[in-house]
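**Q** The structure follows.
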Amino acid sequence: MDSNMEKKILYIDDQTEQFTIFSETIQSLGENVPICATSLEDSNVLELINGGIDLAFIDYLLTGNTKGHDIAKALKEKHEKKGHKIPIHFILLTGQGS
């Protein structure tokens, strides 16, 4: 990722109360406001996929036992189908103690 370009950052979590904290933290680091969503079907996520994503933070365990790595895999496939050549960097997060 070129440090002179605006990074497109995605954050997926089923706990929407985390969105504000995450957004404020990312912005305090000098980055743009990230797109925060609870799923890949969110219209903001679909718009971001069309333009390309640089970095995706994904909760490891989402509602209904959906795993973050499954979301990452689906996101990677959608991103590649749009013809984006630069890979997405993924960071999986968890608040689980186990």
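**Q** Tell me, what is a quarter of the convex hull surface for the C-alpha atoms of segment 7-51, in nm² with one decimal?
**A** On the way: hull surface 11.7 nm².
Taking a quarter of the hull surface, the average projection is 2.9 nm².
**Q** Counting alpha carbon pairs within less than 8 Å and at least 6 residues apart, what relative contact order, in whole percent, applies to segment 39-94?
**A** Values: 56 pairs, mean separation 25.9, N = 56.
Relative contact order for segment 39-94 comes out at 46 percent.
**Q** Additional query: Under a Cβ-Cβ cut-off of 10 Å, what is the net charge of the residues other than His89 that fall near it, where Lys and Arg count +1 and Asp and Glu count -1? Let's see the in-between values first.
**A** On the way: positive: Lys7; negative: Asp54.
Value of the local net charge: 0.
**Q** How compact and how long is the chain, expressed as Rg and Dmax of its alpha-carbon atoms in Å?
**A** Rg then Dmax for the chain, in Å: 13.0, 39.
**Q** Here's another thing I want to ask about it. Relative contact order, percent, of the chain when contacts are C-alpha pairs under 8 Å separated by at least 6 residues? Mind showing how you got there, number by number?
**A** Details: 137 pairs, mean separation 28.3, N = 98.
Reported as a whole number, the value is 29 percent.
**Q** What size of dipole, in debye to the nearest 20, comes out for the chain about its Cα centre when the only charges are +1 on Lys and Arg C-beta atoms and -1 on Asp and Glu C-beta atoms?
**A** On the way: 9 positive and 15 negative charges, 89 e Å.
Here the chain has a charge dipole of around 420 debye.
**Q** Among Pro34, Ile12, Pro87, flag the residue with its Cα farthest along the positive direction of the charge dipole of the chain, charges on Cβ as +1 for Lys/Arg and -1 for Asp/Glu.
**A** The Cα lying farthest towards the positive end belongs to Pro87.
**Q** In Å², what does the accessible area per residue of the chain work out to with a 1.4 Å probe? All intermediate terms of the calculation are to be shown ahead of the outcome.
**A** Working: 6250 Å² over 98 residues.
With the other protein chains kept in place, the chain gives 64 Å² per residue.
The values are calculated or read from the model by the stated rules, or taken from the named source; none is laboratory data. Just so it is clear, the model here is predicted, and its values are computed rather than measured. For neighbour counting, all protein chains shown are included, and Cβ atoms are generated from backbone atoms with ideal geometry for every residue, glycine included. With ligands, DNA and RNA removed, areas are computed over all heavy atoms of the protein, side chains included. Shrake-Rupley method; radii C 1.70, N 1.55, O 1.52, S 1.80 Å.
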